[in-house]
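Enquirer: Handing you this structure, nothing more for now.
The values are calculated or read from the model by the stated rules, or taken from the named source; none is laboratory data. All of these numbers come straight from a predicted model, not from anything done at the bench. Cβ placement follows ideal geometry from the backbone for every residue including glycine, while neighbour counts extend to all protein chains displayed. With ligands, DNA and RNA removed, areas are computed over all heavy atoms of the protein, side chains included. Shrake-Rupley method; radii C 1.70, N 1.55, O 1.52, S 1.80 Å.
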Amino acid sequence: MPSEKTVYLPDKNVAKNAHISSFAQYKEMYQQSIDNPEEFWGEIAKQFHWENPINYDKFFTFNFDVCKGPIYTKWLDGATTNISYNLLDRNIRNGHGDKIAFYWEGNHPDDYSRLTYKKLLEEVCRFANVLKSKGIKRGDRVAIYMPMILESVIAILACTRIGAVHSLVFAGFSADSFSERIIDCQARALITADGVWRGEKYLALKSICDQAMDKCAKNGHNVEVCFVVSHLERVTAPSGVQSNQSNKTPMQDGRDIWWHDVVPQASTSCYPEWMQSEDPLFMLYTSGSTGKPKGVLHTTGGYLLYAATTFKYVFDYKPNDVYWCTADIGWITGHTYVVYGPLANAATSVLYEGTPFYPQNDRFWGVVEKYKVNQFYTAPTAIRALMKFEDSLVTRHDLSSLRVLGSVGEPINPEAWMWYYKLVGGEKCSIVDTFWQTETGGHVLTPLPGATPMKPGAASFPFFGVQPVLLDESGKEIQGEGEGYLVFSRPWPGMMRSLYNNHDRYETTYFSKFPGYYCTGDGARRDADGYLWVTGRVDDMLNVSGHLMSTAEVESVLTEHRGVSEAAVVAKPHPVKGECLYCFITTNGQVEFNAQLVTELKKIVRERIGPFAQPDVIQSAPGLPKTRSGKIMRRILRKIALNDRDIGDISSLADSSVVDQLFANRPISA
Ligand code: 6R9
């Protein structure tokens, strides 16, 4: 396996034609972006349309220091624009009207379609007009719970056309989680589909939405209108699978509307709503370490510049390339690198509905071959799942079109990196291990294809405009080699501006630990060559298959069970998922800890949070290791999960005998 010193140089053919073709060029541009952000981003901003022109005196202002007053970031303050205008009308004016924006590839290989820029604009305008006709206007929130279909992109852009703020919720979240998010953002409208096949699994989306809307109503919030795309009848169900879908999707009079009943007859033109650069564009919930999800808020002008620029340089996108990001649109990666970044560059993308494993475990490689994909962007968890299968599943496909391979969501382990590089990339692709967050809006640490010599597992160097710093526990900056808290000392254009309706929580979560810095919640190490290696979360967060969740949110769901008095959850390394959930349960004497309880607890977590959060291990814990002040020592629980007896200093424990008991209680399967 490669060591920290192993370096792979970018392939000569990738470097030769790359936008940024040497490390020296990267460094020069980086320095300019730091020394003169107005000039750097001002030049980029000229490619886009600003209805109200840019005022260079107010181009970029911020405060990151809680001691000096409220935290804020403003880019291009005073300029007005419309995102959908820049993504669609502007590209059409530039001659890309007949270019394919998306190749849609269905779950079943027999299902596929495509959409040009011109057609996408017409559909966006139609749906924007429908939204307007239902009274949805600038500033209103619209909840979206959709599969990976073209209408999802249309719905997102229709919101931006009229200045409504979209709030997507990944269509794998439970009705409970969804309703909590709808209520928090007070969404007036909801957009969904009747259902979807993912592999051989059927997801009844509308019925989950119905449950969510019922829950909202019980809490005093009524969703006024719910648009439903009729998707099922136009797709091929997996063969041999007994469909458990009900033939009829229940529609509530006066609230629910079929997309096809209103959209086709709407007008294909809709004048864009001109938005202030700092007006909200969208919000997206991410897990918070105290349990309640945080509505990360992104604004218009800066996000557009950042999505466009990172997409262009990090994937080295050229006009005739075909790009494919496998992320679901319900996550930030889907927002920035399925929708906004590619469209801002007039790119052609693949939008894939299904899983890597259907109908066979080589589906990804078949799709790459089918569309001659040049840039492929996926998550380490998918790579690890696919590398278990024999090599021939990869090598039987012609993957010679590939030039750039991306990774996102969690640290990529060197084994997975090497497999991706050698087998998928044939040792001629650049691998971009992109570190970023829902909060950062776009890539913040990443290699650049053609420019950055690659080290397997290193997110490497900052993107333009980003100034990373490593801090020790006392808040002192670590110069040169070392490991510490990964923070940023200034905002870049695509950074979050606030938490929806909760600016106080924004300040305390991200800015109070180290005044003057945005705190990522991740740790990182800088090696002797200056490369940054992200080491993982430093707070109580778990990363299961790239899905971030907090120990607190899982614990609070587990303790809802009538038999549970206390629960503690830790992450345990997992060969495919990266991390999995290992739960310690203290029962309250009303029920016995047995297999049935374990099944019930797994079910609650699935129902309340979502299937992706299901714990792998649940063990009985008659007592938990606590400090005298009552704080659970998760460090010790992590050791127990690993069956590692080297637990270090336990002098601060109130009762150290619980440790032996917990080791003894480990389930055989763990
Ligand atoms: C884009 C996204 C953010 C958290 C982040 C970190 C982890 C993401 C990573 C990575 C190491 C990478 N993370 N990319 N860790 N290397 N290349 O995933 O956003 O869902 O908000 O998760 O994911 O821990 O803080 P989000």
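Enquirer: Being assigned to a helix (DSSP H, G or I), of a type outside the set (Ser, Thr, Tyr), open to solvent by less than 40 Å² (accessible area, probe 1.4 Å) and at pLDDT 95 or above: is that true of CYS209 here?
Expert: Judged against the criteria, CYS209 is a match.
Enquirer: Follow-up question, since we're still on this one. Taking VAL538, is it surrounded by fewer than 17 Cβ atoms within 10 Å (Cβ to Cβ), under 28 Å from the mean Cα position of the chain (by Cα) and either of a type in the set (A, V, I, L, M, F, W, C) or at pLDDT 90 or above (or both)?
Expert: Yes; evaluated as a whole, the condition is true for this residue.
Enquirer: I'd like the full set of residues that are of a type outside the set (S, T, N, Q) and touching a Leu at 6+ places or on another chain (Cβ under 8 Å), limited to the range 354-376.
Expert: Listed by number, the residues that qualify are PRO356, ASP362, PHE364, TRP365, VAL368, GLU369, VAL373, PHE376.
Enquirer: Hey, another quick one. Could you grab me the full set of residues in the range 276-292 that are open to solvent by 10 Å² or more (accessible area, probe 1.4 Å) and more than 16 Å from HIS335 (Cβ to Cβ)?
Expert: GLN276, GLU278, ASP279, SER287, SER289, THR290, GLY291, LYS292
Enquirer: Would you pick out the residues in the range 46-61 that are of a type in the set (Ser, Thr, Tyr) and in contact with a strand residue (DSSP E or B) (Cβ under 8 Å, 6 or more places away or on another chain)?
Expert: THR61
Enquirer: Can I ask one more? Regarding the range 218-233, can at least one residue be identified that is aromatic (Phe, Trp, Tyr), outside any loop (DSSP other than H, G, I, E, B) and open to solvent by 20 Å² or more (accessible area, probe 1.4 Å)?
Expert: Checked the range 218-233: no residue is aromatic (Phe, Trp, Tyr), outside any loop (DSSP other than H, G, I, E, B) and open to solvent by 20 Å² or more (accessible area, probe 1.4 Å).
Enquirer: Out of curiosity, is THR535 away from the ligand (no atom under 13 Å from the Cβ) and among the β-branched types (Val, Ile, Thr)?
Expert: No: the conditions fail for THR535.
Enquirer: Any residue at all in the range 47-56 that is open to solvent by 70 Å² or more (accessible area, probe 1.4 Å), under 28 Å from THR348 (Cα atoms) and out of contact with any Cys (no Cβ under 6 Å at 6 or more places or on another chain)?
Expert: yes
Enquirer: ARG525: within 13 Å of the ligand (Cβ to nearest atom) and free of Cβ contacts under 8 Å to residues at least 24 places away in the same chain, yes or no?
Expert: When the stated conditions are applied, ARG525 does not pass them.
Enquirer: Give all pairs with beta carbons closer than 6 Å in which a residue from the range 474-497 that is among the basic types (Lys, Arg) meets a residue that is in a strand (DSSP E or B); count only pairs at least 6 apart in sequence or on separate chains.
Expert: So the pair list comes out as ARG497/THR73; ARG497/LEU297; ARG497/THR299.
Enquirer: Moving on to the next point. VAL432 - would you say it is away from the ligand (no atom under 16 Å from the Cβ), modelled with pLDDT of 95 or more and either open to solvent by 40 Å² or more (accessible area, probe 1.4 Å) or touching a Phe, Trp or Tyr at 6+ places or on another chain (Cβ under 9 Å) (or both)?
Expert: No, not satisfied.
Enquirer: Just to confirm my filter: which strands (runs of 3 or more DSSP E) fall fully inside the range 269-367 and include at least 2 residues that are free of Cβ contacts under 8 Å to residues at least 24 places away in the same chain and touching a Cys at 6+ places or on another chain (Cβ under 9 Å)?
Expert: Of the strands (runs of 3 or more DSSP E) lying wholly inside the range 269-367, none has at least 2 residues that are free of Cβ contacts under 8 Å to residues at least 24 places away in the same chain and touching a Cys at 6+ places or on another chain (Cβ under 9 Å).
Enquirer: While we're here: Taking the range 253-265 as the region of interest, how many residues are surrounded by 19 or more Cβ atoms within 10 Å (Cβ to Cβ) and assigned to a loop (DSSP other than H, G, I, E, B)?
Expert: The qualifying residues number 1.
Enquirer: Just checking, which of GLU427, GLU473, GLU415 is outside any loop (DSSP other than H, G, I, E, B) and either over 30 Å from LEU393 (Cβ atoms) or more than 13 Å from the ligand (Cβ to nearest atom) (or both)?
Expert: Among GLU427, GLU473, GLU415, only GLU415 is outside any loop (DSSP other than H, G, I, E, B) and either over 30 Å from LEU393 (Cβ atoms) or more than 13 Å from the ligand (Cβ to nearest atom) (or both).
Enquirer: Pick out the one residue from LEU642, LEU624, LEU653, LEU637 that is over 21 Å from LEU581 (Cβ atoms) and surrounded by 14 or more Cβ atoms within 10 Å (Cβ to Cβ).
Expert: The match here is LEU653.
Enquirer: Which residue is farthest from the ligand (Cβ to nearest atom), if the candidates are limited to the range 441-460 and must be touching a residue at least 60 places away in the same chain (Cβ under 8 Å), within 24 Å of HIS547 (Cα to Cα) and of a type outside the set (Gly, Ala, Ser)?
Expert: Step by step, filter the range 441-460, then rank; the result is PRO456.
Enquirer: Output yes when any residue across the range 294-303 is under 24 Å from ARG608 (Cβ atoms), of a type in the set (D, E, K, R) and within 16 Å of the ligand (Cβ to nearest atom), and no when none is.
Expert: Yes.
Enquirer: While we're looking at this one, here's another question. Being open to solvent by 40 Å² or more (accessible area, probe 1.4 Å), over 29 Å from THR381 (Cβ atoms), touching a helix residue (DSSP H, G or I) at 6+ places or on another chain (Cβ under 7 Å) and more than 12 Å from the ligand (Cβ to nearest atom) narrows it down to one of GLN467, GLN479, so name that one.
Expert: GLN467
Enquirer: Scan the range 380-393 residue by residue and report those that are crowded, with 21+ Cβ neighbours inside 10 Å and either assigned to a strand (DSSP E or B) or more than 16 Å from the ligand (Cβ to nearest atom) (or both).
Expert: If the condition is that a residue be crowded, with 21+ Cβ neighbours inside 10 Å and either assigned to a strand (DSSP E or B) or more than 16 Å from the ligand (Cβ to nearest atom) (or both), then LEU386 is the only one that fits.
Enquirer: Inspect all residues belonging to the range 594-613 and state whether any of them is under 30 Å from PRO456 (Cα atoms) and either within 16 Å of the ligand (Cβ to nearest atom) or surrounded by fewer than 21 Cβ atoms within 10 Å (Cβ to Cβ) (or both).
Expert: Yes, some residue in the range 594-613 is under 30 Å from PRO456 (Cα atoms) and either within 16 Å of the ligand (Cβ to nearest atom) or surrounded by fewer than 21 Cβ atoms within 10 Å (Cβ to Cβ) (or both).
Enquirer: Are there any strands (runs of 3 or more DSSP E) wholly within the range 152-204 with 2 or more residues that are crowded, with 20+ Cβ neighbours inside 10 Å and out of contact with any Pro (no Cβ under 7 Å at 6 or more places or on another chain), and if so which?
Expert: Here the list reads 165-168, 189-193.
Enquirer: Inside the range 545-561, can you point out the residues that are within 16 Å of the ligand (Cβ to nearest atom), surrounded by fewer than 22 Cβ atoms within 10 Å (Cβ to Cβ) and of a type in the set (Ser, Thr, Tyr)?
Expert: Selection gives SER545 alone.
So that you can scan it fast, the table gives a plain yes or no per residue for (1) open to solvent by less than 10 Å² (accessible area, probe 1.4 Å); (2) more than 19 Å from the chain's Cα centre (by Cα):
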site: ARG396; (1), (2): no, yes
site: GLU427; (1), (2): no, yes
site: THR438; (1), (2): no, no
site: GLY441; (1), (2): yes, no
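Enquirer: Next up: Can ILE585 be described as assigned to a strand (DSSP E or B), over 26 Å from the mean Cα position of the chain (by Cα) and either more than 25 Å from GLY536 (Cα to Cα) or free of Cβ contacts under 8 Å to residues at least 60 places away in the same chain (or both)?
Expert: yes
Enquirer: Here's something else I'd like to know. Would it be correct to say that SER498 is buried (at least 19 other Cβ atoms within 10 Å of the Cβ) and touching a Lys or Arg at 6+ places or on another chain (Cβ under 6 Å)?
Expert: no
Enquirer: Just a yes or no: is a residue in the range 449-463 outside any strand (DSSP E or B), hydroxyl-bearing (Ser, Thr, Tyr) and within 26 Å of CYS429 (Cβ to Cβ)?
Expert: The answer is yes; a qualifying residue exists.
Enquirer: Return yes when SER400 is part of a loop (DSSP other than H, G, I, E, B) and either more than 16 Å from the ligand (Cβ to nearest atom) or open to solvent by less than 10 Å² (accessible area, probe 1.4 Å) (or both) and no when it is not.
Expert: yes
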